[in-house]
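The values are calculated or read from the model by the stated rules, or taken from the named source; none is laboratory data. In this text the structure is predicted, and so the values were computed from the model without any measurement. Counting neighbours? That spans all protein chains shown, and the Cβs are built from the backbone with ideal geometry, glycine included. When the accessible area is computed, the model is the full protein with side chains, heavy atoms only, and any ligands, DNA or RNA have been set aside. Shrake-Rupley method; radii C 1.70, N 1.55, O 1.52, S 1.80 Å.
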Amino acid sequence: MMHIAYSALQHVTVNQQNLVAGADITLTEPVIRYQAYQAACQKLSKEIEDIQKYMPGWMPAFR
């Protein structure tokens, strides 16, 4: 699971670098971490659905 979160965090970091200079977007660490969590969940939505067949309502923990 750590690999999933790390790869999602990498994706968010790359997107941050692509922002236009001088943009009004301020991303703090908690916001970046939550965006990485959302990206990981979206990327692995099929796997999450498969797990939820056996454990209804299960979601990966956000730490």
Only residues in segment 51-63 that are free of Cβ contacts under 8 Å to residues at least 12 places away in the same chain count as the first member; pair them with residues that are assigned to a helix (DSSP H, G or I) and open to solvent by less than 70 Å² (accessible area, probe 1.4 Å), Cβ under 7 angstrom, at least 6 apart or cross-chain, and list the lot. W58/I51; W58/Q52
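Regarding segment 34-41, can at least one residue be identified that is surrounded by 10 or more Cβ atoms within 10 Å (Cβ to Cβ), at pLDDT 90 or above and more than 14 Å from the chain's Cα centre (by Cα)?
Restricting attention to segment 34-41, the residues satisfying the condition of being surrounded by 10 or more Cβ atoms within 10 Å (Cβ to Cβ) are 34-41.
Applying the additional criterion that residues be at pLDDT 90 or above yields 34-41.
With the extra rule that they be more than 14 Å from the chain's Cα centre (by Cα), the set shrinks to none.
No, the conditions are met nowhere in segment 34-41.
Taking into account only those residues within segment 42-63 that are open to solvent by 90 Å² or more (accessible area, probe 1.4 Å) and charged (D, E, K, R), which is modelled with the lowest pLDDT? It would help to see each step written out before you state the result.
Step one: of segment 42-63, the residues open to solvent by 90 Å² or more (accessible area, probe 1.4 Å) are 42-43, 46-47, 49, 53-56, 59, 62-63.
Restricting the remaining residues to those that are charged (D, E, K, R) gives 43, 46-47, 49, 53, 63.
Working: K43: 94, K46: 94, E47: 94, E49: 94, K53: 94, R63: 77.
Checked segment 42-63; the qualifying residue modelled with the lowest pLDDT is R63.
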